[in-house]
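To keep things clear, I will list the structure first and then write my remarks on it.
The values are calculated or read from the model by the stated rules, or taken from the named source; none is laboratory data. The model shown is predicted, which means the values in this text are computed figures rather than measured ones. Because the Cβ atoms are built from the backbone with ideal geometry, glycine has one as well, and the counts that use them run over all protein chains shown.
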Amino acid sequence: MRLKILYIDDERVNLSNFKLTFEDAFEVATFLGPKEALTWLEANPDVAIVIADQRMGEITGLQLLEKISGLYPKAIRILVNSYVMTNEIDAAVEGGMVLRCIQKPWHPDDFVFTVRVARDNYILARQNEKLQQELLRVRSEALAARETFEQRLRDSVAVVLQEGQAQVKKMSGLLPICASCKKIRDEKGAWNHVEVYIERHSGVRFSHGICPECVGQVYPEVSLARQAAPYVQSGKG
């Protein structure tokens, strides 16, 4: 779809020349006064470039472009002026409200070059806008994915805690244990060693060692050596 360009000038010959120059590259709209142009803009808010003559009787071109910049800020604005440049116009150009002020009588090549620059600026701005929207979309999706992951993690932790609480509850209460060998009878009636029963019902893993009290019974020679060690070190016999 071709970009829309609007030109407002109170001289019909200028409007005709403009249309002949740009109608092959743009969808051109021309008006003799600001009132008709503003009515057209209400139905065409996607206009890419707006060009206004400075002297039009009702309001100046600069005043019209200021109004359009507030209503349709995406449009690139150009002023055409047949009089001496004023501080107000210079300020509008320097501040970016107007891309450029073209002096009358305008040369077609100069006008075409300025319009091409305006077109490129408009296209670049829309591309940047699209990229920013895409970036926001990607960030939003990433945030949603992170929230989903964190929720799943919280759900998994909750399940593990519930299972652990169920195991603790399952092991609570009275356990039938053999008074002699200390085996525990499970819910199926089978007798299991204490460590086997606890591993099966809680997931706890055992690491076997030997306490000091049992060393003398299992390894009496080690126990005797430890008892004699202080006397040897002190020189007592």
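Set side by side, the residues ARG100, ARG139, ARG126, ARG116 differ, and just one is within 21 Å of ALA37 (Cα to Cα) and of a type outside the set (Phe, Trp, Tyr), which is ARG100. Just so you know, in the range 33-54 the residues that are surrounded by fewer than 17 Cβ atoms within 10 Å (Cβ to Cβ) and in contact with a strand residue (DSSP E or B) (Cβ under 8 Å, 6 or more places away or on another chain) include one that is nearest to VAL115 (Cα to Cα), and it is ASP46. For the structure I just gave you, tell me whether GLY57 is of a type outside the set (Lys, Arg), modelled with pLDDT under 90, over 18 Å from ILE102 (Cβ atoms) and assigned by TED's automatic domain parsing to the domain that holds CYS101. Here the answer is yes, as GLY57 does meet what is asked. Within the range 1-31, being surrounded by fewer than 17 Cβ atoms within 10 Å (Cβ to Cβ), over 42 Å from the mean Cα position of the chain (by Cα) and assigned to a loop (DSSP other than H, G, I, E, B) holds for ASP10, GLU11. Taking the condition without any contact (Cβ under 8 Å) to a residue 24 or more places away in the chain, of a type in the set (Val, Ile, Thr) and not in a loop (DSSP other than H, G, I, E, B), does VAL50 pass? Here the answer is no, as VAL50 does not meet what is asked. ASN44 fulfils the conditions (1) in contact (Cβ under 8 Å) with a residue 12 or more places away in the chain; (2) closer than 18 Å to VAL98 by Cα except for a single criterion, (2). The set of residues from the range 71-92 being among the small types (Gly, Ala, Ser) and at pLDDT below 95 comprises SER82, ALA91, ALA92. Contact map, the range 8-36: residues that are under 13 Å from PHE111 (Cβ atoms) paired with residues that are assigned to a helix (DSSP H, G or I) and among the small types (Gly, Ala, Ser), Cβ distance under 9 Å, separation 6+ or inter-chain. Pairs shown: ASP9/GLY61.
Scanning the range 93-115 for residues that are in a strand (DSSP E or B) and either at pLDDT 95 or above or under 25 Å from ASN44 (Cβ atoms) (or both) returns ARG100, CYS101, ILE102.
For the range 63-92, the set of residues classified as of a type in the set (A, V, I, L, M, F, W, C), closer than 19 Å to ASN44 by Cβ and outside any loop (DSSP other than H, G, I, E, B) consists of LEU64, LEU65, ILE68, LEU71, ILE76, ILE78, listed by residue number.
Scanning the range 56-96 for residues that are surrounded by 15 or more Cβ atoms within 10 Å (Cβ to Cβ), farther than 21 Å from ASP120 by Cβ and touching a residue at least 40 places away in the same chain (Cβ under 8 Å) yields MET56, GLY61, LEU64.
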